[in-house]
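Trainee: For reference, the structure I am asking about is given below.
Here, each number is a calculation from the coordinates, and none is a lab measurement. None of these values were measured; they are calculated from a predicted model. Counting neighbours? That spans all protein chains shown, and the Cβs are built from the backbone with ideal geometry, glycine included.
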Amino acid sequence: MAGSHPAAFLLENPTKLYRDCLRLADFLAKKQGFPREALRAQVTAPWRRNQHETDPETIMRQREAAVRGLSNYMMYEASKGAMDGAPTFVPEEGEEGNEDRGGK
């Protein structure tokens, strides 16, 4: 079932999926000024609540919902950049590949 899914690598690796969700929560907390622990708690609560789930179909539905959450945010960021006419993902100041080197 997960083999034909576009994000099969995430569906088959729940640890990576969980960590990616936590990374997104950390990113949003920093970007939007929300308390980091509050956003992380919103991510961890469903995972802990369902940690003893044994029904494979229910587990897959929950994993797919987590993948949808990640991809929805990626699409949001991509569309925001497209509407502004700017590249979607550009390096931040101080990162490798930054073209602004102070005129040098």
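Trainee: What's the exposure ranking of THR58, THR15, going from fewest to most Cβ atoms within 10 Å? Provide the component values of the computation, followed by the final result.
Mentor: Values: THR58 11, THR15 7.
Fewest to most other Cβ atoms nearby, the residues stand as THR15, THR58.
Trainee: FRET efficiency for TYR76 and THR15, Cβ-Cβ distance as r, R0 = 25 Å, nearest 0.05? Walk me through the numbers on the way to the answer.
Mentor: On the way: r = 25 Å, r/R0 = 1.00.
So the FRET efficiency works out to roughly 0.50.
Trainee: Oh, and also: Can you give the extra length, in nm with one decimal, that the chain gains between GLN42 and LEU28 once fully stretched, where that is 0.36 nm per residue apart less the Cα-Cα distance? Working shown, then result.
Mentor: On the way: separation 14, 0.36 × 14 = 5.04 nm, distance 1.23 nm.
Working it through step by step, the gained length comes to 3.8 nm.
Trainee: Here is a further query. Sort ASP26, ASP20, ASP55 by Cβ crowding within 10 Å, fewest neighbours at the top. Spell out each step's value before the answer.
Mentor: Working: ASP26 14, ASP20 17, ASP55 9.
The order, fewest Cβ neighbours first, is ASP55, ASP26, ASP20.
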